[in-house]
Ligand SMILES: NC(=O)c1ccc[n+]([C@@H]2O[C@H](COP(=O)([O-])OP(=O)(O)OC[C@H]3O[C@@H](n4cnc5c(N)ncnc54)[C@H](OP(=O)(O)O)[C@@H]3O)[C@@H](O)[C@H]2O)c1
């Protein structure tokens, strides 16, 4: 699945591209399923990573689940035939909306046997982002009051589960249909963004995990008012809030952006939480690779629950 130039979902086309060439400590992987993420849609539309794409047609897609076809050397732990999942970084690594990709061994781990390839493909980018924001940056811990915006989304449903797992008091925002589900995931309190203004019902929050930014209804700016003095907001949709630093300083709180990176070691920890069933992935929709445009339309609707995944072949 390639695109030649920025545009709407219709620019995505099923195409033949040369087989990616594995080098050094990379693996060649046969892709069974690929995750669909907002960065894919943003890049397709000419934002996101678009400016770093050197040649077209280009292949989108960062996270995947599949089967090793070639490993870097004979005694490598991930031998041909091993089921793996992980995350690349388009356009620095080859895209996952394809039958094959190459990826550094540092970004890949064995697929948890408890997950199908379709489920596994929904994990890496979203779960690593949630871990980076909630665990590494916000240091989720017992009793911490953590507000998570968009708790029902791809990143959000992992963020709610990780924060609850580490004992935080999770307050999640979502629409009416998702409130009960957010509680099942571990939220202690839920706020319906379609009927309530969170800043009217909340205060003394230690951390805001902001997965909306100022893209919608000044969510990031409004979040500053619910933080305790010195509290922290971690902003996911980087670029949507250019005045972040000055606004946070004026409000007497701390603010930081966040950017996910491929990370096999952390993904291995997440795998263990999945295998022990402390954390689960929810796949809202599965599309054939040929229907990637339809998946992008659904994602850009802004209300998918959990993840959307592209099925590339039978695993
Ligand atoms: N910086 C990074 O490294 C990084 C990495 C990953 C993602 N991101 C960014 O983080 C954002 C979230 O990513 P994602 O994959 O989780 O997106 P997503 O799956 O598309 O998020 C969809 C969710 O947003 C919720 N939502 C929509 N409007 C809302 C509102 N006003 N208040 C609260 N929730 C609302 C929806 O819940 P309802 O249907 O219940 O409204 C839906 O479940 C995106 O902007 C993405 O680009 C950044």
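Read-outs: derived from the displayed coordinates by stated rules, not from any lab. Every value quoted in this text rests on a predicted model; they were computed, and no experiment measured them. Reconstructed Cβ throughout: ideal geometry from the backbone, glycine too, with neighbour counts over all protein chains shown.
Reported value for region 127-257: 88 Å³ per residue, from the convex hull of its C-alpha atoms. Of all DSSP bridge pairs formed entirely within region 83-239, close to 15 percent run antiparallel. When the chain is modelled as a GNM with alpha-carbon springs shorter than 10 Å, which of 291, 263, 218 fluctuates the most? Highest fluctuation among the options: 218. In terms of its C-alpha gyration tensor, the chain comes out prolate, because a/c is 1.5 or above and the ratio a/b outweighs b/c.
Please figure out what share of the DSSP beta bridges in the chain is antiparallel and state it in percent, rounded to the nearest 5. Before the final figure, lay out the partial values.
Values: 26 of 51 bridges.
Here the share of antiparallel DSSP bridges comes out near 50 percent.
Per DSSP H run of at least 4 residues, take -39500 (n - 2.57); add these up for the chain, divide by its residues and hand me the 222 nm value, nearest 500 deg cm²/dmol.
Working: 10 runs with 76 residues, N = 315.
Theoretical 222 nm ellipticity from helices: -6500 deg cm²/dmol.
Taken along the Cα-to-beta-carbon direction at a fixed 7 Å, the label points for residue 54 and residue 19 span 2.2 nm.
Across the alpha-carbon atoms of region 85-128, the computed radius of gyration and Dmax are 10.4, 30 angstrom.
Fully extending the segment from residue 141 to residue 175, taken as 0.36 nm per residue of separation minus the present Cα-Cα distance, adds 9.6 nm. Descending by average beta-carbon neighbour count within 10 Å, the peptides 89-100, 104-115 line up as 89-100, 104-115, the highest first.
Name the shape class, rounded, prolate or oblate, that the alpha-carbon gyration tensor gives for region 30-173, where a ≥ b ≥ c are the square roots of its eigenvalues, rounded holds for a/c under 1.5, and otherwise prolate holds if a/b is larger than b/c and oblate otherwise. Please report the intermediate quantities before stating the final value.
Working: a/c = 2.36, a/b = 1.43, b/c = 1.65.
Verdict is oblate for region 30-173.
So what is log10(I(q)/I(0)) for region 58-109 at q = 0.12, 0.21, 0.26 1/Å, when the Debye sum runs over its Cα atoms only? Cα-only, vacuum Debye calculation for region 58-109: -0.23, -0.69, -1.01. The Cα center of region 12-38 and the Cα center of region 189-219 differ in position by 37 Å. Subtracting the Cα-Cα distance of residue 183 and residue 243 from 0.36 nm times their residue separation leaves 18.3 nm of extension gain.
I'd like the orientation of helix 154-165 relative to the chain: the angle between its Cα long axis and the longest Cα principal axis, in ° from 0 to 90, rounded to 10. The two axes meet at around 60 degrees.
Just checking the listed ones, 242, 18, 80: in the Gaussian network model of the chain with Cα springs under 10 Å, the one fluctuating most is 18. In the chain, Cα pairs under 8 Å separated by at least six residues give a relative contact order of 20 percent.
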